[in-house]
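A quick write-up on the structure given underneath.
Rule-based calculations on the coordinates, nothing more; no lab input. Computed from a prediction, not measured in an experiment: that's the story for all the values here. Every residue, glycine among them, receives a Cβ derived from its backbone with ideal geometry; neighbour counts consider all protein chains shown.
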Amino acid sequence: MAREVTIEIYADTRQTGQCRACHATLQWAVVVKSGARLPFTNDTFAVLSKRIEEETGRIVERADRRTNHWATCPGRDLFRGGSE
Ligand SMILES: [Zn+2]
């Protein structure tokens, strides 16, 4: 089974922010499937396609899953362990 490389997010939940660890500009968005709020790296984030969710009329955007900021953040170790 192929691993999914794209992820669907709600366009109306997108918000610009900044990473506390590396100060990169982020795009926050709520994931359709899980309802979780995830940060994407603004520099690499791109909307691959859009669709309208039938039940709600909300715009759903499809993005590359690999632009998830936690996967690439150079400062992500700051968020792990929690010993300090
Ligand atoms: Zn970061």
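Conditions tested, residue by residue: (1) farther than 18 Å from residue 75 by Cα; (2) surrounded by 17 or more Cβ atoms within 10 Å (Cβ to Cβ); (3) among the β-branched types (Val, Ile, Thr).
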{"residue": "10", "(1), (2), (3)": "yes, yes, no"}
{"residue": "19", "(1), (2), (3)": "no, yes, no"}
{"residue": "31", "(1), (2), (3)": "yes, yes, yes"}
{"residue": "38", "(1), (2), (3)": "no, yes, no"}
{"residue": "41", "(1), (2), (3)": "no, yes, yes"}
{"residue": "44", "(1), (2), (3)": "no, no, yes"}
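Take the residues in segment 54-74 that are without any contact (Cβ under 8 Å) to a residue 40 or more places away in the chain and more than 15 Å from the ligand (Cβ to nearest atom), then tell me which one is surrounded by the fewest Cβ atoms within 10 Å (Cβ to Cβ). Checking each candidate, the answer is 55.
Scanning segment 25-43 for residues that are in contact with a helix residue (DSSP H, G or I) (Cβ under 7 Å, 6 or more places away or on another chain) and touching a residue at least 24 places away in the same chain (Cβ under 8 Å) returns 26, 29, 39, 40, 41.
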